[in-house]
Amino acid sequence: MLPTKENIQTVGKALREGMLAGIPTETVYGLAADALNGKAVSEIFKAKGRPMDNPLIVHISDFFQIERFSLVREIPKAVYALAEKFWPGPLTIIMPKGSAIPDEVSAGLDTVAIRFPSHPVTKAVITAADRPLAAPSANTSGSPSPTTAGHVYHDMQGKIPYILDGGICEVGVESTVVTLCTDVPTLLRPGGITPLQLESVLGKIQISDAVLHKLKDGEKAESPGMKYKHYAPRANLILVKAEDEKYRDFVNSKADNTVGALCYDEDEKFLNVRTFVFGAKNDYSSQANRLFDALREIDETDIQTVYGRCPDTEGMALAVYNRLIRSAGFEVIELA
Ligand code: AMP
Ligand code: MG
C-alpha cells in the first residue's frame, strides 16, 4: 500500500503490536519488527528462512533513541563523528550491546548493529511505531535483496500483513557495516558509504577478509552474514574479468538460447545473447541501483548460464563487487 500518513500510522501500530511489515529504505526494502520484542523478531527469521545465527540491524529515527531505549552499553566516541557526517544514511555501526536488545536481534553476540536511515518513509514508520525496528532485507534468505515493493511481494506474499510501497530504492545495495568493537575500526560489509569516506572520519580502517574473499571452511566470520551463499539467481552465474572487447567476444563465442549476459549498458549492442543490464561501466552508483533488479530478471527467464562482468573494486563499486562475487559463488574466469 502507499505510504500515506494514515497507512504509516496503521503500520506503526501493527509493529508496536508485534506484527511484521515490509518497508522501503534508501538502501533496500526492509522486513521490520519491533527490535525490543524477541518474539516479533523471531517471526522475521521464519518469514525469510534466515539462519538464527545471522544478527539483524536495529533502525532508529533519532540519535537519542540509542540511549532512550538502552540499545547499547556505551556509545564509542567515534560514533558521534560518524553520525555527524553520515547519519541519517546508509551506514550501520556495530557497538557494544545494551540491556534492552533481545538475543534474537544480536544472535547471541555481545554487540549490536545500529543504523539511522535517511528515507522519509522509514523514519516516519519508526517514529509512528515509537520503537527501534529490527529490519533485515525483505527477501527470502539467499535470494537477491528487494529494491521494489514488487520484489517484496514476490518473496513475502501470504507471510506478512503489510508492505509499504515507496518506489525504487535509491542506493540499491544494503548499508555499509563498520564495527567499532575491534582495535582498529573494521569494514564488515561495503555499501553506499565508501572505505575512503569512512577513513576521512576514522583514519586508517581495516577491511574484513570476508569482503573480498571466500571464507575457508571453518573460518569464523566477523560478520555472520558474510558466510552464507547470497544473492544468487537460479541460473549458473559466472563472472568474467576481462577488457570490454575480450568480454564481448567471449560471451558471443558461447552464444545460444540458454546463455545470457549480466553486463553494462555499453556492452548490450555488441552481444548476441539475452542481456541483463546492471548500470553503466563507469557509473558505480547506477550499478548498485540496478544490480538486484537485474539478478531477479534472470530468474524470470529460462536462461541457464549467465556470464557477468566482473565489477571494479573502487569506491561504491566495492559494494557491487562484494554482492556479485557471492551471487556467482566466487566463480570467476580471468581472460588475459
Ligand atoms: P541484513 O540485515 O540482511 O542487511 O544483514 C545484516 C548484516 O549485518 C549481516 O551481514 C550481519 O551479519 C551483520 N551484522 C548485524 N549485526 C552484527 C553484529 N553485531 N556484528 C557483526 N555483524 C553484524
Ligand atoms: Mg539481507
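The values are calculated or read from the model by the stated rules, or taken from the named source; none is laboratory data. Since this is a predicted model, take the numbers as computed values, not measurements. For neighbour counting, all protein chains shown are included, and Cβ atoms are generated from backbone atoms with ideal geometry for every residue, glycine included. Areas reflect the complete protein model, heavy atoms only, side chains present, ligands, DNA and RNA absent. Shrake-Rupley method; radii C 1.70, N 1.55, O 1.52, S 1.80 Å.
Here are a few things to note about the model shown:
- Residue check, SER118 polar (S, T, N, Q), away from ligand 1 (no atom under 15 Å from the Cβ) and over 18 Å from GLU43 (Cα atoms): yes
- Whichever residue in the range 43-69 is away from ligand 1 (no atom under 16 Å from the Cβ) and touching a residue at least 12 places away in the same chain (Cβ under 8 Å) and, among such residues, is surrounded by the fewest Cβ atoms within 10 Å (Cβ to Cβ): ASP62
- In the range 283-316, the residues that are in a loop (DSSP other than H, G, I, E, B) and either open to solvent by less than 60 Å² (accessible area, probe 1.4 Å) or touching a helix residue (DSSP H, G or I) at 6+ places or on another chain (Cβ under 9 Å) (or both): ASP283, THR301, ILE303, CYS310, PRO311, ASP312, THR313, GLU314, GLY315, MET316
- Here the range 156-186 is the region considered, the condition is being within 14 Å of the chain's Cα centre (by Cα) and not in a loop (DSSP other than H, G, I, E, B), and the residue that is farthest from ligand 2 (Cβ to nearest atom) is VAL178.
- Residue match in the range 272-281 (condition: over 24 Å from ALA319 (Cβ atoms) and open to solvent by 80 Å² or more (accessible area, probe 1.4 Å)): yes
- Among the residues here, ALA129 qualifies as away from ligand 1 (no atom under 15 Å from the Cβ), within 19 Å of ILE163 (Cβ to Cβ) and touching an Asp or Glu at 6+ places or on another chain (Cβ under 8 Å).
- Applying a threshold of 6 Å to beta carbon distances and a minimum spacing of six or more residues, or different chains, the list of pairs starting in the range 268-290 at a residue that is among the hydroxyl-bearing types (Ser, Thr, Tyr) and ending at one that is open to solvent by less than 20 Å² (accessible area, probe 1.4 Å) and part of a helix (DSSP H, G or I) reads TYR284/ALA317.
- Remark: pairs (first residue in the range 129-146, touching a residue at least 12 places away in the same chain (Cβ under 8 Å) and at positive phi; second residue open to solvent by less than 10 Å² (accessible area, probe 1.4 Å) and more than 9 Å from ligand 2 (Cβ to nearest atom); Cβ separation under 9 Å; 6+ apart in sequence or on different chains) = ASP130/GLY12.
- Matching option when the condition is open to solvent by 30 Å² or more (accessible area, probe 1.4 Å), in contact (Cβ under 8 Å) with a residue 24 or more places away in the chain, over 21 Å from GLY18 (Cα atoms) and not basic (Lys, Arg), among LEU109, LEU91: LEU109
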